[in-house]
Amino acid sequence: MSDSSQIIVDVEASEADAAKLGQRILQHLIAEKIVEAAESDSILGDTPGHRPGPGAAAVVTGSMKMPMRLATNGLAVHVGRQVFHTGGNGVELSCGACRATFDPGGAYFDAVTAWHNGDENVTFACPACKHSARLTAWDGPFAFGFGALGLELWNWPPLKPQFVSSIAQLLGHRVVLVHCHL
């Protein structure tokens, strides 16, 4: 079996504010019993995560019983400038100008590297119509997220759009949802 995650990326949080915002959201999720307060080895990597709590069922779609008890099944709070990628899903973007959906190719990854290295204003152009936009503005079926704060939920059923919107509201920032498959 493979693992997947959904990552709610705050695309507007500064690196200076990310830790404080991440802690505030984590405390909210614990208070609402969406995740457990205790840290555990519920996520991939060396840092601990937080398993789903009894309130998690209210924020996911479908009929899967929550909380689940898989080995990898928890919330990770990532702080620091990061490219939140889609893993084995690849990259597929949609142009807001011409509506073309495409695999962006090498120029996109050059722009991703430039953003990761600190260029906030790097742009990328649609290969179909040549419309150019900031890298962080591109969206699509399998788009990357760029930010200093990400809430990664490992092996959870699909998140309700209202839940993602409520996180954005609590943060006071625009968020994107990244789907990663390993």
Kirkwood Rh, Cα atoms: Rg over Rh of the stretch 92-142: 0.94
Protection proxy ranking of 158-165, 18-25 - average other beta-carbon atoms within 10 Å, highest first: 18-25, 158-165
In which sequence would Ser2, Ser42 go, from the one with the fewest C-beta neighbours within 10 Å to the one with the most? Ser2, Ser42
Computed helical MRE - 222 nm, the chain, DSSP H runs ≥ 4 contributing -39500 (n - 2.57), nearest 500: -7000 deg cm²/dmol
Rounded to whole Å, √(5λ) for the Cα gyration tensor eigenvalues of the chain, largest first, gives 29, 18, 15
Gaussian network model of the chain, Cα springs within a sub-10 Å range: biggest mean-square fluctuation belongs to which of His131, His78, His116? His131
Pairs on different chains or at least eight residues apart, Cα atoms closer than 23 Å: how many lysine pairs in the chain fit? 4
Rank-order 139-148, 32-41 by packing density, defined as the average count of other C-beta atoms within 10 Å over each peptide's residues, highest first. 139-148, 32-41
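Since every read-out is calculated from the coordinates, none of them should be taken as a lab result. Keep in mind the model is a prediction, meaning the values are calculated, not measured. Positions of Cβ are backbone-derived with ideal geometry, glycine not excepted, and every protein chain shown enters the neighbour counts.
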